[in-house]
Structure formats: structure tokens, C-alpha cells
Amino acid sequence: MALIVIAEDEFLIADVLSIMLEEAGHEVEAAPHGLAALTLVKERRPELVITDFMMPLMTGLELAQAIREDDELSKIPIILVSGAQASIGRAHPEMFDAVLDKPYNEVRLLEAVDRALDTKLVR
């Protein structure tokens, strides 16, 4: 269906998320931090980015800012999935198409992915 880049420094969380999205029919590329995810986004031009907030080298907010500032990437939907920092993401609605708290519900996450991908088609 869609190519999704995941930025998540917790290996097990990234693995579970990848499996969940692949079982839903998506292609997934995972990155261990925001900087690696930004490189993947520039190279692969995904339909969606899902990011954690707290990561080494580049936070999820910094990743979203870099994507939004790039004219060629700025329309890519971004979902923030975070624990304690989800409130920071909600304070920046211009950066994120959705913000979900960890631990997240699989059904809600897949619904947010579907909404973000549907919104991208309208843009």
C-alpha cells in the first residue's frame, strides 16, 4: 500500500510497529533516530513518517521541523507516537498530523495511519 518510515530508537518498539504495519499491507523502513530517518525520507520519499519524540541525534520534533521546512517533503504526513512528550507534540499541531500516546492501541494507530494517508491524497 504505502511506504512508511519509522523513527524509533527502541528496537523492540520499532520491530513491533514494523510488523503491525507490514501485516496491514505497508512497506516499512525503520531508522534508529531522527537523523537516519531524515536521510531515509530524502532518499525514499515515503507516503508517511511515524516518529518517536525522544531519540539520539535528532528528536521527533526536530525531524518534523526538518521535513516541514523542505518544500519537496513538507506535505508528507507525520504521526508522533510518544510517552511523556506527547503533550509537546500536541502543542505543535502544524508539525504532526496525529499524536498518539505510548503505549498505543493497535487499532487506533492503524486508524491514524489510514487517516494520514487519506489526507495526503487530498493535499
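Quick rundown of the values:
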| item | result |
| --- | --- |
| Residue list for the range 56-105, restricted to those being loosely packed, with under 14 Cβ neighbours inside 10 Å and either polar (S, T, N, Q) or in contact with a helix residue (DSSP H, G or I) (Cβ under 6 Å, 6 or more places away or on another chain) (or both) | Ser74, Ser87, Asn105 |
| Residue ID - nearest to Met20 (Cα to Cα), chosen from residues in the range 67-123 that are at pLDDT 90 or above and small (Gly, Ala, Ser) | Ala112 |
| Matching helices (runs of 4 or more DSSP H) fully within the range 1-92 where at least 3 residues are touching a strand residue (DSSP E or B) at 6+ places or on another chain (Cβ under 9 Å) and over 17 Å from Ala116 (Cβ atoms) | 11-23, 34-44 |
| Matching residues in the range 1-44 - criterion: being in contact (Cβ under 8 Å) with a residue 40 or more places away in the chain and charged (D, E, K, R) | Glu8, Asp9, Glu10, Arg44 |
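The values are calculated or read from the model by the stated rules, or taken from the named source; none is laboratory data. Model, not experiment: these values are computed from the prediction. Every residue, glycine among them, receives a Cβ derived from its backbone with ideal geometry; neighbour counts consider all protein chains shown.
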